[in-house]
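Throughout, read-outs are computed from the coordinates displayed, never taken from laboratory work. Keep in mind the model is a prediction, meaning the values are calculated, not measured. Cβ sites come from the backbone with ideal geometry, for glycine too, and all protein chains shown count toward neighbours.
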Amino acid sequence: MADLEELYREIILDHYRSPRNRGELTDPAAHRAEGFNPLCGDEVLITIIVDDGVLTDIKISGQGCSISQSSASLMSAAVKGKPVSDVRQLIDTFKTLMTVHGAQLEESDVEIEPVDLRSLGELAALQGVVKFPMRIKCATLGWNTLTQCLDDASL
Amino acid sequence: MSIFDPRLVRGDIAQLKRVVNGHPLTYLDSGATSLPPRAVVEAMDRYYALHHANVHRGVYQTAAEATALYEDARTAVARFLNAPGGASEVIFTKNCTESFNLLARSWGTANLAAGDVVLLSEMEHHANIVPWFQLRDAIGIEVRFIPVTDDFRLDLTHLDDLLRGVKLVSVTAMSNVLGTINPIRQLADAAHAVGALLAVDGAQSVAHSPTDLVAMDCDFLAFSAHKMLGPTGIGVLWGRQALLDAMPPFLGGGGMILDVRTDRFLAAEAPQRFEAGTPPIAEAIGLAEGIRYIEGVGIDAIRAHEKQLTAYALSSLADHFGDSVTVHGPPAGDDRGGVLSLTVESVHSHDVAQILDSVGVCVRPGHHCAKPLMRHLGVAATARASFGLYNDEADVDVLVEGLAQATTMFA
């Protein structure tokens, strides 16, 4: 039960109930990418504006569980207004957070540098997800889709 | 109809004695796979310990024993289904999905041409959709769907129109999402009246209600062993002997030939023609033991028990949650099986399943490999609780408690 409360932290439930940056940017200059989790049917659509190397705006739409939707919402709040290079760094850090424990679960000998949780701010609330390996794909859906969006736009 | 005591069955299922997350395991996912009784596991153990040898080849004692056990399993399946032509109509496959692929690739390729129609229903599992789309893409057949009504049944009002140009109707006996039990005999009569054949997906029906191929009058039936107390890795395609005899081989290799030369091969008779390579011998033995277990309890008694349990669950959910929990399926009755697809107001099905897991309840979240149906229902995912003969009312009560916890947490 403790684990369950760790998974469904108040911040996560808050972002699920009131997702930030919800919607779709219609600006023709917006870049867009869609992500799907074929196993569970979760889907996310991300639209972003990048101006002079800075991700100035982001909107997210789609549907899915509390973990996928709140993770995307938390991500949108964390990346908005940041230079693309910082965004890419944050994506890497977050995905490491989602794999460090994954590696520990498999009792891997591979040493992975621990993530500095302070650098993640509110995103650290998602660390409880890694105790539920079946849900890691939910948490990373938005992040992988943002990576796809940046890659597609060669940013 | 005497209803058996599920407690006696529970005693035979080791996994039901487990404690997970501090709670006794409550298994409500028999629609995905069933829990095998001890007898099934022991039959396979005994085979590997004492009788293991390759089938159909050796002349030594254990090879003869293995072959007899494997072929006895075919006989057990034929008996269980009341197959009109007996054991030679029973093909062992890898699972229900492979059975449909065999049907589409072998019968479909040999008997269908561009423009011919295969009629499915909107409540099919992907296993009975994708192989037909693959065939459409290869040879240009048309794939058509019987729609689903707002009360979760097949909409047969325009069946005559839908049947125009149809060579094969392929429909599930029971929906793995809705629990709807479809009128198979009516569909068989309608298909035969226009010269079409009927294939039936029995994955969800064979372990839960009587299967009588003579009464159903279908032409093919596909199902998996692991949903009927047997092991994974083996399924069945049953077909009428005359149809199987006219079908080309599916997979090629050893075991399915009469002769091979450097320029050609001659295929064996059915069913061996469709069983290339060393078959799943232990699994066939496990399947037969699962069938004997079901026969021991009585399939009519199992149906009566699950029907009663489904009615209890539907009324309990309605009493406790009113409109905040929706069950996507017909009301309790003769055409309703033990599958409850739930959506909980403002809680995603993954979260429902996660919270239920924390109290030891196993249900399945997601689209249940039936995305066309989910689109029709207008939901991305449901949490599905499904019954087996070992479930009882106490399991439903634990489910209700867990759902109450989910609604509180996300309120």
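Helix by helix, which DSSP H runs in chain A go 15 Å or more along their axis at the Cα atoms and have an average Kyte-Doolittle hydropathy of -1.0 or more? Working shown, then result.
On the way: long enough: A:66-79 (19 Å, 0.82); A:84-105 (32 Å, 0.28); A:136-152 (23 Å, 0.08).
Both cut-offs are met by A:66-79, A:84-105, A:136-152.
What's the FRET efficiency of B:Ile139 with B:Gln15 using the Cβ-Cβ distance as r and R₀ = 35 Å, to the nearest 0.05? Once rounded, the FRET efficiency stands at 0.20. Test of understanding: extend the Cα→C-beta vector of B:His56 to 7 Å, then name every residue of the range B:232-270 with backbone N under 14 Å from that spot. Output list for this probe position: B:249-260, B:266-270. In degrees between 0 and 90, to the nearest 10, how far off the longest principal axis of chain B does helix B:184-193 point, with axes built from Cα atoms? Its long axis makes an angle of about 40 degrees.
Relative to the dominant Cα principal axis of chain B, helix B:281-297 is inclined by about 50°. Peptide A:40-47 shows a mean partner chain C-beta count of 3 within 10 Å per residue C-beta.
How much net charge surrounds A:Ala30 when only the other residues with a Cβ under 10 Å from the Cβ of A:Ala30 are counted, with Lys and Arg +1 and Asp and Glu -1? Walk me through the intermediate numbers first.
On the way: positive: A:Arg32, A:Lys59; negative: A:Glu24, A:Asp27, A:Asp57.
That works out to -1.
For chain B, the Cβ-based charge dipole about the Cα centre amounts to some 860 debye (Lys, Arg positive; Asp, Glu negative; other atoms uncharged).
For the range B:156-295, a simple Cβ point-charge model (Lys and Arg +1, Asp and Glu -1, everything else neutral) yields a dipole of about 180 debye relative to the Cα centre.
Within 12 Å, Cβ to Cβ, of A:Leu155, how many net charges do the neighbouring residues add up to if Lys/Arg are +1 and Asp/Glu are -1?
Working: positive: A:Arg88; negative: A:Asp51, A:Asp52, A:Asp151, A:Asp152.
Neighbour charge sum, excluding A:Leu155 itself: -3.
With an a/c value of 1.5 or above and a/b not larger than b/c for the gyration tensor axes a ≥ b ≥ c computed over the alpha-carbon atoms, the range B:41-296 is described as oblate.
Each Lys or Arg adds one and each Asp or Glu subtracts one; over the other residues with Cβ under 15 Å from the Cβ of B:Glu89, this totals -3. Bridging of B:Lys227 to lysines at a Cα separation below 22 Å is possible for B:Lys17, B:Lys94, B:Lys307, B:Lys371, once same-chain residues fewer than 8 apart are set aside. For A:Lys59, a cut-off of 25 angstrom between C-alpha atoms picks up these lysines, skipping any fewer than 8 places away in its own chain: A:Lys80, A:Lys82, A:Lys95, A:Lys137. Counting only other chain Cβ atoms within 10 Å of each residue's Cβ, the peptide A:59-65 averages 3.
Dividing the helix sum by the residues of chain A, where each DSSP H run of 4 or more adds -39500 (n - 2.57), gives a mean residue ellipticity at 222 nm of -14000 deg cm²/dmol.
Taking the Cα centre of each part, how many Å lie between the range A:23-83 and the range B:317-369? Distance between centres, Cα-based: 30 Å. Using alpha carbon centroids, what distance separates the range B:235-312 and the range B:178-198, in Å? Value for the Cα centre distance between the two parts: 22 Å.
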